[in-house]
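Engineer: Could you have a look at this structure, given as C-alpha cells, before my questions?
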Amino acid sequence: MKKTTTGILTIALAGLALSGCFSRVHLSKNYGRAYKQAFQRQAVNPPSAASSKTPKGLDALESSIVVDTYRKGLTPQGGAPAGNQMILVSPGSGQLGYAGSSAPAAPAK
C-alpha cells in the first residue's frame, strides 16, 4: 500500500512540476526575435571565405632563424655557460620559496 501511494504521489508531483514548463503565457510575441534574426543573417557560404587565401607559414630557413634567436635570448648574459647555473636556498628553511603563507618582512629604512 505504501509503495502505491508513494508512486502516485511521485507521479503527481512530477506532473505539477512539469506543467509549468509548457505554458507560453509569459512569453511575448517578440520572444527570441534577436536570436532568430541573427541566425537568419548568417551566410551559409560567405563570399569572403571562398576568395581568401590561406596564410603563408614560415619555411624551414625562417623558422630556424626564429628558433636560434629565441635560444640566444634564453642564454645567460655575461659568458657563463648554461650548465653552471646556481640556485640559492636558505639553509634554515630547507625548502624553495616561503615556508607557509607568510611573506618576509619589509626591510627597515
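Engineer: Would you mind ranking Lys72, Lys53 so that the residue whose beta carbon has the fewest other beta carbons within 10 Å leads the list?
Structural biologist: Lys53, Lys72
Engineer: Subtracting the Cα-Cα distance from 0.36 nm times the residue separation, let me have the gained length for Asn45 to Lys2 in nm, one decimal.
Structural biologist: Contour length minus the Cα-Cα distance gives 9.3 nm.
Engineer: Can you tell me which of 4-12, 37-45 comes out highest on packing, and rank the rest after it, using the mean Cβ neighbours within 10 Å?
Structural biologist: 4-12, 37-45
Laboratory data are not the source of any read-out in this text; all were calculated from the coordinates shown. For clarity, every value in this text was computed on a predicted model and none was experimentally measured. Heads up, the Cβs are rebuilt from the backbone with ideal geometry, glycines too, and the neighbour counts pull from every protein chain shown.
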